[in-house]
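Asker: So that we are looking at the same thing, I have put the structure below in structure tokens.
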Amino acid sequence: MTSATLISHTTNKIVQMLTLQDEMYTKINSQWREAGYEWHRAIWTECAELMDHYGWKWWKKQTPDVEQIKLEIVDIFHFGLSILLIESNNNEDIALDIATELEQSTNETDFKIAIEKLAHKTLETKSFAIKEFNTLLTLADMSPDELFQQYVGKNVLNFFRQDHGYKDGSYIKVWDGKEDNEQLADVLNKLDANSVDFRNDVYKALEERYPATESTY
């Protein structure tokens, strides 16, 4: 693909993610945009969790947990999209800005430094530092397509949790000895992210694995 084609492709994916993000939070709180949530705080806290999964302790041997690293990056993207949705009503413009940045290269090679730069920029601006986020994405070897796959998966899992009692505490997080995030990773590895029904495919696959059977989706 040419650079322009790639940007167009990624823009379309990001528009879909923005729509899903708005739907998710609207399900939880129809007035979420006016609620004054501290999204920047959620991002830098996720950065700390990301650092733990990567490993930073010099006094013990640590191996980066690649799957959890990618999940944390996706969580950061969730919160970043929320900030951008509040800052602008034009999803196409937001998506194009992100897609254009995701095509840029980076000179940073130290993943730990990249995490700290994102956390610092987030605290400084209280916004979504797209450039710094792209550096993390690049160093984690995640393509925009993989970001889309992982994002949709986590978004659907969030819907699934809400539909199955997450808010009232009745949700079961461990199924057959695996946490729901691990179940999700298994599901995503078996499904086609390019399917027009990808979102529904993920939900149905989770439902088949869940101990409860009733669905409100």
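The values are calculated or read from the model by the stated rules, or taken from the named source; none is laboratory data. It should be emphasised that the depicted structure is a prediction, and the values quoted were computed from it without experimental measurement. Glycine gets a Cβ as well: all are built from the backbone with ideal geometry, and neighbour counts include every protein chain shown.
Asker: Take the residues in the range 101-133 that are at pLDDT below 95 and among the hydroxyl-bearing types (S, T, Y), then tell me which one is surrounded by the fewest Cβ atoms within 10 Å (Cβ to Cβ).
Answerer: Checking each candidate, the answer is S105.
Asker: Within the range 54-68, is there a residue that is under 24 Å from D163 (Cβ atoms) and buried (at least 19 other Cβ atoms within 10 Å of the Cβ)?
Answerer: For the range 54-68, residues under 24 Å from D163 (Cβ atoms) and buried (at least 19 other Cβ atoms within 10 Å of the Cβ): absent.
Asker: Now a separate question. Can you say whether A48 is modelled with pLDDT of 95 or more, in a helix (DSSP H, G or I), surrounded by fewer than 17 Cβ atoms within 10 Å (Cβ to Cβ) and small (G, A, S), as far as the supplied structure shows?
Answerer: Taking the combined requirement at face value, the residue satisfies it.
Asker: Take A193 and decide whether it is under 24 Å from S82 (Cβ atoms), at pLDDT below 95 and aliphatic (A, V, I, L, M).
Answerer: yes
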